[in-house]
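Take this structure first; my questions come after.
The values are calculated or read from the model by the stated rules, or taken from the named source; none is laboratory data. Quick caveat: nothing in here was measured; it's all calculated off a predicted structure. Using ideal geometry, Cβ is built from the backbone for each residue, glycine included, and neighbour counts are taken over all protein chains shown.
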Amino acid sequence: MSDTNQDEAGTRRGPIAEALIGVWRLRDYSDVIEGTAVSYPFGQDPDGLLIYTPDGFVSALLMARGRPNLSGSGFTEGTPDQYTSDGKSFIGYTGRYDVDEAKLLVTHRPTVAFAPNMIGSIQQRLVSLQRDVLVLTAEHVQAAGLPVTKSRLKWVRVKAACERGSDD
């Protein structure tokens, strides 16, 4: 039995790539910098969805819960301070992904993003997958002389029946 499958385009996918396909809900997002306490950029109860499609697309939306509404009735009617606050508590991008099965790495390549500097970047995440729990770990290199930040994001698979009703 083969440990890879093919999609419609004939691209071979291994067991990790197969297991990633679907919708995932964010349960935990923490940053660790060597020598400091763990921090929670979006608080201890973040929300988000991560979607992997069989044909190689990824979409990631993450946010802090409890963000205040913008003033006015539309998304273009906030104040500069509101936009700054909301921008610091939201990550969103979509693009293509691929998996290096041997290195346990998934690479996201954003083509559309809330933060323009993400477009065209390479976002690598170490994959740890235990049934319906996915943990992605990313290392972010800082300016020279500063320690590396490790982001750890824990996701839980969303089941089809739960999409209609409860959270998951």
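Yes/no per residue for (1) touching a helix residue (DSSP H, G or I) at 6+ places or on another chain (Cβ under 8 Å); (2) assigned to a loop (DSSP other than H, G, I, E, B); (3) polar (S, T, N, Q); (4) surrounded by 13 or more Cβ atoms within 10 Å (Cβ to Cβ):
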| position | (1), (2), (3), (4) |
| --- | --- |
| P68 | yes, yes, no, no |
| G72 | no, yes, no, no |
| D86 | no, no, no, yes |
| V106 | yes, no, no, yes |
| L134 | yes, no, no, yes |
| L146 | no, yes, no, no |
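When the range 31-50 is examined, which residues are found to be farther than 14 Å from I91 by Cα, assigned to a strand (DSSP E or B) and not charged (D, E, K, R)?
Correct list: V32, I33, S39.
Give the residues of the range 56-66 that are surrounded by 16 or more Cβ atoms within 10 Å (Cβ to Cβ) and farther than 22 Å from I21 by Cα, sorted by residue number.
Across the range 56-66, the qualifying residue is only A64.
What are the pairs with Cβ atoms under 8 angstrom where one residue, in the range 17-37, is modelled with pLDDT of 95 or more and the other, located anywhere, is assigned to a helix (DSSP H, G or I)? Sequence gap at least six, or different chains.
V23/E163
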